[in-house]
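The values are calculated or read from the model by the stated rules, or taken from the named source; none is laboratory data. If you're wondering where the values come from, they're calculated on a predicted model, not measured in any experiment. Ideal geometry is used to build each Cβ from the backbone, glycine not excepted, and the neighbour counts take in all protein chains shown.
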Amino acid sequence: MTTVAFVGAKGAPGVTTTVCAVAAVWPDVRPVVVAECDPAGGDLAARFGLGTERGMASLVLAARAEAGRGPTSAPSLDPHVQELPGGLGVVVGPVGADAASVVDQQLALLPARSWRGVDGSADREDLVIDCGRLTPDAPGQRRILLEADLVVLVARGDASSIVNGRWAADRLADLRGDRSTTRLVLVEPVSFEPGEIADVIGLPLVGCIPHDTPAAETLCGVPSSARSLARSALITAARKVAHDCAAPAVAKGLRNAS
């Protein structure tokens, strides 16, 4: 399993929409699952009319039970996954901030990596994690950002967002030890050249997500044509981001196959 955690700087940059777009076009080396780990509360259950009985809350409870059986024991991810229209698997987060904060606190108390599900079929699934906005006082989010194979900072391109993006990049570097496994995605519109923004924030740029209202609305649950979504500018940009972010998964899959 390769984990890629997406986290936003201040300014509601659209982390959930970006995560769904990237996961929807993830390379076919292994299946991919989206996990909502936003300490402020998830959006996918409300967007798509899903229940929250199965999701991050039930996965954390299962991980706690398995932790009592030994330090290497972990739950299967599969019982906690639901499907969005189109077949994308998701582990939905609690809708409200209070419940999401409780799940975040519990994530921080579990044995290392046990919450992700690493036995059976779950070991063949990559995990794309929606961490929401970077929150200094969220221990579960902090743990995910520390343990993820790759972290992607999502930021807007206006002046205030660039300043906040630099702050977020510095905090991630402090947490992870360096910037070598952290990337940047910009959400348009941007007020400056994307390369210049990346230089100021101090992270390699892997893509710019365009302002594409119809495609974004589809990813938010508004019914639309699958063909139109597949041809949209948003999905085209997401394919590049997915390819770059999945590179560790591709390499791992090739090694395991050899």
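Filter segment 69-94 down to the residues that are closer than 18 Å to G51 by Cα and surrounded by fewer than 18 Cβ atoms within 10 Å (Cβ to Cβ) and list them by number.
D78, P79, E83, P85, G86, G87
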key: Selection within segment 171-190 - exposed (fewer than 13 other Cβ atoms within 10 Å of the Cβ) and either touching a residue at least 24 places away in the same chain (Cβ under 8 Å) or part of a helix (DSSP H, G or I) (or both)   = D174, P189
inquiry  = Here is a list: A198, A215, A242. Which entry is over 24 Å from A173 (Cα atoms), surrounded by 13 or more Cβ atoms within 10 Å (Cβ to Cβ) and modelled with pLDDT of 85 or more?
reply    = A215
ask   = Taking segment 124-170 as the region of interest, how many residues are among the acidic types (D, E) and either at pLDDT 95 or above or under 13 Å from L203 (Cα atoms) (or both)?
value = 2
Checking R30 against (1) under 17 Å from the mean Cα position of the chain (by Cα); (2) part of a loop (DSSP other than H, G, I, E, B); (3) closer than 10 Å to G93 by Cα, the condition it does not meet = (3)
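Sort out which residues of segment 245-258 are modelled with pLDDT of 80 or more and either over 16 Å from the mean Cα position of the chain (by Cα) or in a helix (DSSP H, G or I) (or both), and write them in order of number.
If the condition is that a residue be modelled with pLDDT of 80 or more and either over 16 Å from the mean Cα position of the chain (by Cα) or in a helix (DSSP H, G or I) (or both), then C245 is the only one that fits.
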request  = Look at A100 and say whether it is at negative phi, among the small types (G, A, S) and at pLDDT below 85.
outcome  = no
query = Considering A9, A62, which residue is under 22 Å from P136 (Cβ atoms) and either without any contact (Cβ under 8 Å) to a residue 12 or more places away in the chain or hydrophobic (A, V, I, L, M, F, W, C) (or both)?
reply = A9
message = Report every pair of residues separated by at least 6 positions or lying on different chains whose Cβ atoms are under 9 Å apart, first residue within segment 152-170 and touching a residue at least 24 places away in the same chain (Cβ under 8 Å) and assigned to a helix (DSSP H, G or I), second surrounded by fewer than 23 Cβ atoms within 10 Å (Cβ to Cβ) and among the aromatic types (F, W, Y).
response = A159/F192; I162/F192
query = Of all residues in segment 59-80, which are part of a helix (DSSP H, G or I), out of contact with any strand residue (DSSP E or B) (no Cβ under 9 Å at 6 or more places or on another chain) and either at pLDDT 90 or above or of a type outside the set (D, E) (or both)?
reply = V60, L61, A62, A63, R64, A65, A67, P79
